[in-house]
Every structure is written in structure tokens, then in C-alpha cells.
Amino acid sequence: MNQPDVFAWDAPSLAEACRGRLRIGAAVNTWDLDEASPACAAIRRQFDILTLENESKPVNVQPEEGRFVFDKLDRFTDFGQKNGITLRGHTLVWHSQVPGWLFEGEDGAPASKEQLLSRMQAHIGTVVSRYRGKIATWDVLNEVLRDEGGLRESKWYKIAGRDYIPAAFQAAHEADPDARLLINDYNLESSEAKADTMAALVEELLRAGTPVGGIGLQMHLSLYTDLELLKKNVRKLAALRAFAPDLRLEVTELDVSCYRFDDTAEDLLWTDALETAFREKYAALFRFYGELADEGTLDTVVFWGLSDAVSWLNGFPRRHKNYPLLIGRGWRVKPAFYDVLALAGNKEAQS
Ligand code: G3I
């Protein structure tokens, strides 16, 4: 089937096609929100939920203790409100892009547990309450697990043990009782050990009454991702709804790299074979997302970036040209976009 080769702002709207079933979003930067920019036109047409890719991380929001920088988040929330777009906050507690002062005590010694937890609570309380009612979902905790299972031995963990985990949720809940509060991580789909740790941790938190609203599945995938394993691991996490029927899964950072993680190949050219594999992967994924949406488990899918031109995967894990999103370079939607469009909003198309 021939699809029109059109700009994202002229193509049918994926968000509209999915409305009532899935919210469709992207990670953006505030410079994308300039009214006259192509990025803004693409956002308005294609997405109804947004995340800031970097500008709301702790190192940017509180670079020094007590000095909060809110201009980017204010711009983001103004844009969301004006355009009727739902917003996600990313992120409150992370081991990366976090300011060093958080972990420092007196005279070069590490911070004490009490000091760290009180700084964490102050950060979360100040940021979440400022955007109460404006930011619908927070990635409260980001990447607190190890790929091989167990908790990441970050500075958070080394200083505070596991107590920072429920304390972060409590602080966010006090600051905005209506926000959905997530624990967000990568490789949950590909590491059974990691999915098991996540399931056990969330179950423990829920049993203790911790206000966990959902699990963020980052889903940085590749053409080589094993979809059967992905489904099995996601199902394991979805089963936690037995403990908390309101618990939701969100796909928070979706992209599909055309390289294996350890691939040292130079820039790949986009061939018909890659195109076919890419279309099949996206179609299979959105078939599965549709199933999860229909059973009430998943309601949000966010792409990590607006187009291939600006994807972080052009620079990670090494510099090479990548093609991971449905909007290509030059803002044109890809054939896979039309496959997803047909599947995502339309139950019949899935059979
Ligand atoms: O802003 C500085 C700039 O001043 C400097 O000249 C330049 C030199 O390298 O760096 C710029 O900062 C970069 C920043 O992105 C903004 O572009 C950092 O080096 C770079 O490390 C940072 O990468 C971000 C990464 O998180 C940080 O760990 C990526 O853009 C962002 O896509 C990525 O997003 C993460 C999610 O938050 C969590 N899940 C994984 C995902 C992908 O890694």
C-alpha cells in the first residue's frame, strides 16, 4: 500500500486516532514549544501527552541547594495548559543528572541518611506542589534497579538504604494527592531478573500502602528485541493490578534502534530489509499495546524524542545514524507510522 509522504503536521493525527484508548506522547525540549517551529506543529498534531527530555531533571531544577530554577518547567506547563496537552514530570529521584551537593555533608564527608532524605523531601515537595494539578504523572523514581536484579547501588541506596523509595512516593503524594506516581525503568522487558525485582518491590510497596500509581516501562528497544520475552515480563508487571486495581503501566520512553546494543557498525543505510523489520516490530508492539489498553492496563505511550533527527540514539551508546522513531528526518512520517495509525485506535484492525 502506498502511503503519502507527508510532514508530521499534515499527516493524520496518531493521538486523535488513539483517543479514549491510549494517550500518545513524545519527549520534548522547551525550544520545541516555540509557536512558529516545525517541532511545535508536529507536537500539536500528533501528541496529547508530553515529557521534558532533560530540563526537569534535578540537576537542572535545583543546581544548588535551595536555588530552584523553574523557568523551563513553567514554560512547559503553560504550553500544556494552553494546548490541552497532558504533562508528565521526569524525574524526581535518579542517580544520573543529579546535583552533587545532594550527597555531600559537612567538610567533604558524605551526607547523612537524615540529611539526604530531608533534601529529597524538600526537592519533591517544592517541585510537585508548584505544579499540583498541572503535571498529571511523575516519574518519581527513575532507574533504581540493576539489570541483573536487585536494587541499584547508587548513592541514594548507599546512604539511605531502601528507605528512600517509599519516602519519595510519600513526599510526592503529600504534595499532589491526585498525581499518578510512577517508578520508571529500562530493560524491564528484556531482563526477567529486573522484571521480577520490580514486581516484588511494587508488591511490597503496595502492601505497605505506599502511593505507587504505576510502573513506567521505558522500552528503549531495538529491531532485535525479543517480543515474546517482552510480553511475558510486561504481563508479570500487569498482574500486580491484583493488589491495586488502579495501578497502570505506561510506556514512557519508546524507541526502536536498528543496532544491537553492542553493535560497532558504522552508520547503517536504511534498506528495504530494515524498513520491513522496523514496520513489523512497531506493528507487533502496538498490537500488544492495544490489547493492554483494552484491558485497562496501559493508557499511555510516549516516544523518546520527536523525530529521528534529534533522537538520543544517534549518540548512544556510540555515535551512529539511527532511525528509531515514527517521524523521520525532515519531519516526514514513515510507513510504520501508518501501520501504527491503523492498529492503535482501531480494534478491528488488530484481528
Ligand atoms: O547541556 C549540555 C551542553 O551544555 C553540553 O555542551 C553538552 C556536551 O556533551 O552536553 C549537554 O548535556 C547533555 C544533555 O543530554 C542535554 O543535551 C548531556 O551531555 C547528555 O548526557 C544528556 O543526555 C541525556 C541523558 O538522558 C542523560 O543521561 C539525553 O539527552 C536524554 O535523552 C536521556 O534520557 C534518558 C532518560 O532521562 C531516562 N531513561 C533513559 C533515557 C536515555 O538515556
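Have a look at Ser154, Ser191 and point out the one that is hydroxyl-bearing (Ser, Thr, Tyr) and under 20 Å from the mean Cα position of the chain (by Cα).
So the residue among Ser154, Ser191 that is hydroxyl-bearing (Ser, Thr, Tyr) and under 20 Å from the mean Cα position of the chain (by Cα) is Ser191.
What residue, among those in segment 89-108 that are away from the ligand (no atom under 13 Å from the Cβ) and modelled with pLDDT of 95 or more, is surrounded by the fewest Cβ atoms within 10 Å (Cβ to Cβ)?
Residue satisfying both the conditions and the ranking: Gly100.
If we scan segment 297-305, do we find a residue that is of a type outside the set (S, T, N, Q), free of Cβ contacts under 8 Å to residues at least 60 places away in the same chain and either within 16 Å of the ligand (Cβ to nearest atom) or surrounded by fewer than 20 Cβ atoms within 10 Å (Cβ to Cβ) (or both)?
No, because not a single residue in segment 297-305 is of a type outside the set (S, T, N, Q), free of Cβ contacts under 8 Å to residues at least 60 places away in the same chain and either within 16 Å of the ligand (Cβ to nearest atom) or surrounded by fewer than 20 Cβ atoms within 10 Å (Cβ to Cβ) (or both).
Any residue in segment 69-78 that is aromatic (Phe, Trp, Tyr) and touching a Leu at 6+ places or on another chain (Cβ under 8 Å)?
yes
Which of the residues belonging to segment 31-63 are polar (S, T, N, Q) and within 12 Å of the ligand (Cβ to nearest atom)?
Thr51, Asn54, Ser56, Asn60
Run down Asp299, Asp294, Asp272, Asp267 and say which single residue is touching a strand residue (DSSP E or B) at 6+ places or on another chain (Cβ under 8 Å) and acidic (Asp, Glu).
None of the others qualify; the one that does is Asp299.
What are the residue pairs meeting all of these: first residue in segment 96-125, first residue more than 20 Å from Val61 (Cα to Cα), second residue surrounded by 13 or more Cβ atoms within 10 Å (Cβ to Cβ) and among the polar types (S, T, N, Q), Cβ atoms under 8 Å, and 6 or more apart or on different chains?
So the pair list comes out as Gly105/Ser112; Gly105/Gln115.
The values are calculated or read from the model by the stated rules, or taken from the named source; none is laboratory data. The structure presented is a predicted model; accordingly, all values stated were derived computationally and were not measured. Virtual Cβ from ideal backbone geometry, glycine too; neighbours counted across all protein chains shown.
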